[in-house]
Structures are given as C-alpha cells and as structure tokens.
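The values are calculated or read from the model by the stated rules, or taken from the named source; none is laboratory data. Everything numeric here is computed off the predicted structure, so don't read it as measured data. FYI the Cβ positions are ideal-geometry reconstructions off the backbone, even for glycines, and counts take in every protein chain you see.
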Amino acid sequence: MLERNGHGGDLTTAVELFGVPAREMLDFSANINPLGPPPGLKDVLHEEWTGLVHYPDPESRELRRAISQKYNIDPASILVGNGAAEIIDLIVRGFKPGKVAVINPAFLEYAEAALKAGAEVLSVPASADDAFAIPEEALLAACEEADLLFIGQPNNPTGQWLDREAVIRLADTAAAHNTTLVLDEAFIDFFEDERELSFIREAAASRHVIVIRSMTKFYGIPGLRLGYAASHPDNISFIRKLQVPWSVNHLAQKAGVFALNQTEYETRTKRLVAVERAWLEEELKRMGCLPYPGKANFILVRTAASGPDAAELQLTLGRQGILIRGCAGFAGLDARYFRIAVRTCMENERLIAALRGALCNRREAEGTD
C-alpha cells in the first residue's frame with residue numbers, strides 16, 4: 001500500500017513497491033507546485049550554506065517580518081513552524097480540547113493530532129451526493145459542542161471551500177460559543193482569488209480564529225518543511241511556548257523569505273493550475289470518471305463502477321512510474337476514490353494516457369466495448 005504512512009508523496013515506499021528509481025517517478029500523489037521551487041532559490045540556498053555553522057533564529061524574525069509585510073499583519077501574530085503538521089500538533093496540544101470537530105473526509109492530521117492529545121473527535125460528514133460541499137449548517141451546530149473546529153480552506157482531499165460570508169458566520173458563531181476555529185489554508189495560494197478569500201488578516205486580530213498556511217506546497221519545497229500560523233498575539237505566544245527550540249532550520253527560513261517575493265512565479269503558478277485543472281477534468285470525464293469540482297492544485301476522482309478501482313489503477317500506473325493517491329483511508333471515501341495533483345501539460349498528458357490505457361485494458365480483458 002503506497003499510503004502506508006498516511007500520506008502521499010512517499011517516494012521511498014513507491015520505489016520499494018514498484019521498483020522504479022525515484023528520479024524516474026512522476027508523482028501525482030503529492031500536491032506540490034508543478035513548476036518546482038522558484039527560480040533562483042537554489043542560488044540562495046547555496047549562498048546561505050555557510051550559515052549552517054550557526055544555530056537558526058529560534059523566532060524566525062526575518063521570515064515573520066516578510067510574512068507581515070506581504071499580508072499587512074503584526075509580526076507578533078505569526079508563528080513559523082516546521083511545516084503545517086507541526087502547527088496543527090502545537091494547536092491541539094496547546095488548547096487541550098475535550099472535543100475536536102473535523103469534516104469527513106479531511107486531512108488526516110486533524111483527527112490524529114486530536115486523538116494523540118486524548119480529545120474526542122466529532123465527525124461532521126460531507127455528502128458525496130452534494131459533491132462533498134463543506135456542510136456549513138452542521139459546522140455551525142458543531143460549534144456548540146466542540147472546543148476546536150478544523151476546516152480545510154480548501155478541504156483536502158475534496159477541494160471544496162467556503163465563501164467568505166460563510167467563514168465570517170462560522171467565526172462569529174465560534175466566538176459566541178468560545179470555540180476556536182482553525183482554518184487550514186495550506187492550498188489557498190493556488191486560488192487566483194486567494195487575496196480576497198483568505199482569512200489571514202482577520203485571524204491575526206482574533207482570539208477565536210487561527211489560520212494555518214503552508215509554504216511547502218505552493219513554493220515546491222516539501223523537503224525543507226515550512227509553514228506558519230496567524231492569530232491574536234496572545235494565542236501565538238501561548239502556542240509558541242510548546243514549540244521545541246530551533247524547530248525551523250536556517251535554510252528553510254531563508255527559502256521562505258526569498259519565496260515570498262516571487263510575484264511572477266506566483267502568477268505563473270496560478271494560471272497554470274487553472275488551465276491544466278480544467279483540461280484534466282474534461283479528460284477524466286471522457287473516460288467515465290467523476291472529477292469533483294474545485295480550484296486547488298489537486299482533484300478528487302471517483303472511478304466508474306464498471307471499471308478498476310483506485311487500488312488497481314495505483315498498481316498499474318505505479319509500475320509505469322506514475323503515482324496517484326488512493327483515498328480509501330479517508331473517512332467517508334472508499335476504494336473507488338483517488339486524488340491527483342495538477343502538474344504541467346506534458347506530465348498531465350502522460351497521466352491521462354496511462355489512465356486511458358489502464359481502463360481500456362480492463363475493458364478488453366472483460367470483453368466489453
């Protein structure tokens with residue numbers, strides 16, 4: 001099973017399973033910027049190599065100032081962490097919730113962090129009949145019972161998101177019930193209307209809202225691990241006390257500062273994802289698959305009932321050096337669901353050709369048209 005560690009992008013496991021060298025793998029299982037890291041980042045990391053003889057800044061001050069300037073928020077409202085996963089863990093350990101509400105399906109780390117902290121997980125299911133739209137009314141009701149409420153904005157793996165008015169209603173309801181609303185905006189950078197939709201500025205002044213952002217996905221640096229949270233300075237100060245010293249290494253901090261200033265790269269990425277996502281959706285429909293709507297750099301797909309399931313497709317494609325993310329491990333999904341990242345034109349064409357071949361071979365083997 002490719003997802004034995006609970007996530008996509010596990011090249012080491014893929015090499016063991018499929019026998020294809022890592023450098024030859026085409027990874028659609030991890031939702032990373034198809035353009036790779038910003039041009040010039042390699043030179044920055046080379047220049048900063050000598051800084052490895054010193055401890056990194058334990059407060060990530062230069063990076064926090066860069067984030068502050070980009071979004072016009074107080075640096076004291078920002079906590080930089082070793083990826084969004086560390087931020088999630090710190091929030092749960094810090095707030096010590098009795099009950100944590102999460103959407104199903106959703107990023108697995110929300111529930112896992114809650115369970116590790118001894119909290120009860122309240123499931124708020126999204127319906128396949130409604131294209132897994134985020135269930136606003138059920139979330140509003142959950143605020144009456146939950147101490148923490150996690151929402152992916154957009155949600156992973158479904159790609160669904162809430163409009164700004166819905167987020168405001170949830171934030172107000174959370175505050176009224178003394179619930180902390182955690183908005184995971186790990187993939188919102190890929191939205192062309194990210195600036196209008198993001199709640200980061202409101203969170204920076206709120207005691208009841210925390211926004212999590214990832215820098216590894218959009219800037220193509222998952223190997224460096226980098227993310228941050230924005231909330232009221234009192235919340236940030238409180239959470240930071242639980243963070244181990246030097247959590248964010250020197251190169252990651254410098255990479256973050258550089259990446260935040262690459263506006264042309266950001267524009268190219270958003271345009272590419274919008275165009276290629278639309279193309280992928282149409283091609284998947286032509287093959288009889290059901291791609292779920294969204295704007296992020298990944299697509300949740302359901303296979304046709306008469307065709308191979310996601311596990312069979314994953315095995316067939318994996319042997320060709322193409323990785324997809326099976327989604328049977330997500331609550332609310334089954335073996336017919338898989339997720340793919342949006343990549344470059346040539347890479348997407350290779351994926352579609354491989355999927356089409358796998359589906360055709362299955363039909364021929366069964367003697368169907």
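Restricting the stretch 139-161 to residues that are more than 12 Å from the chain's Cα centre (by Cα) and of a type in the set (A, V, I, L, M), the residue that is surrounded by the fewest Cβ atoms within 10 Å (Cβ to Cβ) is Ala141.
In this entry, Arg225 passes the filter for residues that are farther than 15 Å from Tyr71 by Cα and of a type in the set (Lys, Arg).
Looking only at the stretch 28-38, decide whether some residue is in a helix (DSSP H, G or I) and not basic (Lys, Arg).
No, the stretch 28-38 contains no residue that is in a helix (DSSP H, G or I) and not basic (Lys, Arg).
Just a yes or no: is a residue in the stretch 265-279 under 18 Å from the mean Cα position of the chain (by Cα), farther than 30 Å from Ser206 by Cα, in the same structural domain as Gly357 (by TED's automatic domain parsing) and part of a loop (DSSP other than H, G, I, E, B)? Looking for residues that are under 18 Å from the mean Cα position of the chain (by Cα), farther than 30 Å from Ser206 by Cα, in the same structural domain as Gly357 (by TED's automatic domain parsing) and part of a loop (DSSP other than H, G, I, E, B), one finds none in the stretch 265-279, hence no. Among the residues of the stretch 157-177, those that are under 19 Å from Glu196 (Cβ atoms) and outside any helix (DSSP H, G or I) comprise Gly159, Gln160, Trp161, Leu162, Asp163. Against the numbered list (1) assigned by TED's automatic domain parsing to the domain that holds Ala354; (2) within 21 Å of Val273 (Cβ to Cβ); (3) not basic (Lys, Arg), Ala22 comes up short only at (2). Just one residue in the set Ser306, Ser237 is assigned to a helix (DSSP H, G or I), farther than 26 Å from Leu11 by Cβ and of a type in the set (Gly, Ala, Ser); that residue is Ser237.
Does Arg23 satisfy being among the charged types (D, E, K, R), touching a strand residue (DSSP E or B) at 6+ places or on another chain (Cβ under 6 Å) and part of a helix (DSSP H, G or I)? When the stated conditions are applied, Arg23 does not pass them.
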